[in-house]
Amino acid sequence: MNTHLFLQKLETLKKRPSAFLPAIEAIQHWVLEFSDTLPRQRISPVKVATYANLSVEQVVPEFLYAVSEGLFDLNWEVHCPHCYGISNNYQHLSNAVGQSYCNGCEKKFQVDFALWVDATFSLNKEIDERQFIPTCSKTLPPASKSPNLPGLELIHYPTFRSLFGDQVLSEREQMQIASVTTLFTDITGSTEMYEKLGDVRAYNIVRDHFEILFKQIEKQGGTILKTIGDAVMASFIRNELALRAIMAALEQFKQYNENHQIDEHVHLKTGIHRGSAILVNLNDKLDYFGSSINKAARVQAVASSGEICFTEPLYQDAAFKQTLKELGINEMTRHSVNLKGIDGPQTVYKVVTYLDKMLL
Ligand SMILES: [Zn+2]
């Protein structure tokens, strides 16, 4: 290993104005401590974070900057769901394929991007010519899945999108995602607002609204998938992050409204749902498709102004309910509703945010 080059590149990393030095030092110690062993050849940021008593969110961005400095290579590792051995390994998402084959188990399987693809980092071969070779291991049962960084989590990092936003699946490829949280918001009465205020004034308000919302979504590790008119669609790794994002945004809209005259007020209708999806490349961006994504939009459509509507998987999620409590929401109502394009009545839960109290 070329330790001199390794330390030199680390110094460059440390000079970045927003560099988080404890994370870079943790990476440094990890690599030097495990200089001859496997942990250094396939580094999981989760393990480094635990080792240094940092959060994963603090460590991952530094690994990503280290990749762009040529210090590490980013590996996408596909694990076999039967033996948890690595059946495939690639360094660019364009090489990802939706199906994989485990030589050890002699089984073909559908690759679920949320469950079976992990991101690890290995030293660039300029620094260490010993390269990681994926092997199938039948020795590890799935239960012993080590603390890794799921690929789905990595693509939700703003740093990933800013540095590697061009890493997308190849055009015809698609990958399953067992579950992802989708947030849908829409402005109440925006048509009336455009009519009343005129296009220019209304559009400025809509832009202010995007700015507030995008910032809070990003803060909770959410990804803006698309905007449809004034509606915003975003994905999150966990349910409570979507809730935190929307509640923080609503708090900001409350302030915004206090500083603006009544016909410029912004009120939102929100829907959140969690379900399976497929990851695809749409116009050279990662995007999600599937019935559960559509369902999030339908759930949003039954929300009234200031309401957050969500579905059964969120109601069943203890962390989500705990976050509701933490944010001071103690009441919810259960409804059986028909959602456009979805067969049979669906259970939707509603919580009312302070915005409704202002409207009443
Ligand atoms: Zn296997």
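What follows is calculated from the coordinates using simple rules that are stated; it is not laboratory data. This one's a predicted model, so the numbers in the text were calculated from it and none came from an experiment. Cβ sites come from the backbone with ideal geometry, for glycine too, and all protein chains shown count toward neighbours.
Which lysines does LYS285 reach when only Cα atoms under 19 Å apart count, and residues fewer than 8 places away in its own chain are ignored?
LYS226
Work through the residues other than GLN167 whose Cβ is under 11 Å from its Cβ and net out their charges, Lys, Arg +1 and Asp, Glu -1. Could the numbers behind the result be given before it?
On the way: positive: ARG161, LYS285; negative: ASP166, ASP284.
Value of the local net charge: 0.
List the lysines whose alpha-carbon lies under 18 Å from that of LYS108, not counting same-chain residues fewer than 8 positions away?
LYS138
List the aspartates and glutamates whose alpha-carbon lies under 20 Å from that of LYS196, not counting same-chain residues fewer than 8 positions away?
Straight-distance partners of LYS196: ASP186, ASP208, ASP230, GLU258, ASP263, GLU264.
Note the direction-averaged projected area, equal to a quarter of the hull surface, for the Cα convex hull of the chain, in nm². Could the numbers behind the result be given before it?
Working: hull surface 81.8 nm².
Result: 20.5 nm².
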